[in-house]
């Protein structure tokens, strides 16, 4: 299901970008106005609400049925519903086609859970449950997974092409007007991903043992990209492609494991950190319609892909080795897809 959702999302974005690229390839269809003015200084602002759905995280079985030895909860069964987010962007097309912009995006409250019931035949994935009595012979297994993604960026812009006739505002006013704008961008991007996951095994008598992990990721790097925009009358179609290479600082923490049946501590709290190389990729497509001289409403689709991060569910270590929980798995991928709606202003 997750792969199908990702495939449909990327197909929709790709199809929209084909339309933009084909339009730009036939620039002779458009009114041939003056080049971008050397003294131009045009600010713009964008504020959007996001409705993003995350693909499941990584990891294997979390809890099993001891009668059949089959998984009853896995990392892939922790399906995320749509989560809210926000994007804000402010920039200026500056003199001689040079400009700048700064932006922020955040997706909050991503939450997934799964529960399985049994008759004292559920256990955390062995061999850990063979060692801890409180993690086996359970009647209920409950897993939860939370995640928050934030990102900030600062870019320099080069407006390579801009055909337009004379106008009195930032939008073309006659229906016959057509404007194409290409912004090439280069800049810096930071992204942060914080996660927590926990598996709780509840005994028939009510005793409960929990195994909880937390991760924190910070990515710092440069990015390149371009944005295309086509204006006609009160309507506009725009989108962007951004790709960045980042240094990743990842860490994970594991809570102590205490056997609720015997009352004995089994494993102390542990942590680990690592540096890696990751990527940040951002694709967006939107259509907007002006409702005043400077303001327009817009709806669209956005996809964000982040690689080289430590996902919480990848950190569960169900081995009984003395070094269990002291490493870090930091090669995970975060994939977000969803709808956007908001307003933009241009002057």
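The values are calculated or read from the model by the stated rules, or taken from the named source; none is laboratory data. All figures in this text were calculated on a predicted structure; none of them were measured in a lab. Here the Cβ positions follow ideal geometry from the backbone for every residue, glycine too, while neighbour counts run over all protein chains shown.
Taking the condition in a helix (DSSP H, G or I), touching a residue at least 40 places away in the same chain (Cβ under 8 Å) and crowded, with 17+ Cβ neighbours inside 10 Å, does residue 147 pass?
On the way: in a helix (DSSP H, G or I): no; touching a residue at least 40 places away in the same chain (Cβ under 8 Å): yes; crowded, with 17+ Cβ neighbours inside 10 Å: yes.
Judged against the criteria, residue 147 is not a match.
To keep it simple, each residue is scored yes or no on (1) under 25 Å from residue 221 (Cα atoms); (2) not in a loop (DSSP other than H, G, I, E, B).
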site: 289; (1), (2): no, yes
site: 298; (1), (2): no, yes
site: 302; (1), (2): yes, yes
site: 305; (1), (2): yes, yes
site: 330; (1), (2): yes, no
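For segment 87-103, the set of residues classified as surrounded by 15 or more Cβ atoms within 10 Å (Cβ to Cβ) and outside any strand (DSSP E or B) consists of 94, 97, listed by residue number.
Under the condition of being buried (at least 23 other Cβ atoms within 10 Å of the Cβ) and in contact with a helix residue (DSSP H, G or I) (Cβ under 7 Å, 6 or more places away or on another chain), the residues counted in segment 319-336 number 1.
Take residue 219 and decide whether it is crowded, with 18+ Cβ neighbours inside 10 Å and touching a residue at least 60 places away in the same chain (Cβ under 8 Å). Yes, satisfied.
Limited to segment 240-259, what total is found for residues that are touching a helix residue (DSSP H, G or I) at 6+ places or on another chain (Cβ under 6 Å) and buried (at least 19 other Cβ atoms within 10 Å of the Cβ)?
Initially, segment 240-259 is screened for residues touching a helix residue (DSSP H, G or I) at 6+ places or on another chain (Cβ under 6 Å), giving 252, 259.
In the following step, the residues that additionally are buried (at least 19 other Cβ atoms within 10 Å of the Cβ) were identified as 252.
Result for segment 240-259: 1.
In the set 37, 84, only one residue is more than 28 Å from the chain's Cα centre (by Cα) and either over 18 Å from residue 155 (Cβ atoms) or modelled with pLDDT of 95 or more (or both); that residue is 37.
Of all residues in segment 104-117, those being surrounded by fewer than 18 Cβ atoms within 10 Å (Cβ to Cβ) and either over 27 Å from residue 139 (Cα atoms) or touching a helix residue (DSSP H, G or I) at 6+ places or on another chain (Cβ under 8 Å) (or both) number 4.
Hey, any hits in segment 296-306 for a residue that's without any contact (Cβ under 8 Å) to a residue 40 or more places away in the chain and in contact with a strand residue (DSSP E or B) (Cβ under 8 Å, 6 or more places away or on another chain)?
Here is the first cut: in segment 296-306, the ones without any contact (Cβ under 8 Å) to a residue 40 or more places away in the chain are 305.
Now restrict to residues that are in contact with a strand residue (DSSP E or B) (Cβ under 8 Å, 6 or more places away or on another chain): 305.
Within segment 296-306 (the criterion being without any contact (Cβ under 8 Å) to a residue 40 or more places away in the chain and in contact with a strand residue (DSSP E or B) (Cβ under 8 Å, 6 or more places away or on another chain)), the answer is yes, since at least one residue qualifies.
Residues being more than 30 Å from residue 178 (Cα to Cα) and modelled with pLDDT under 95 are entirely absent from segment 219-241.
Counting only residues that are over 14 Å from residue 314 (Cα atoms) and buried (at least 17 other Cβ atoms within 10 Å of the Cβ), segment 194-209 holds 5 of them. Exactly one residue out of 248, 215, 262 is at negative phi and out of contact with any strand residue (DSSP E or B) (no Cβ under 9 Å at 6 or more places or on another chain): that is 262. Within segment 69-86, residues that are surrounded by 17 or more Cβ atoms within 10 Å (Cβ to Cβ) sit with their Cβ atoms under 8 Å from residues that are assigned to a helix (DSSP H, G or I), at 6+ positions apart or across chains, in these pairs: 75/313; 75/314; 76/2; 78/313.
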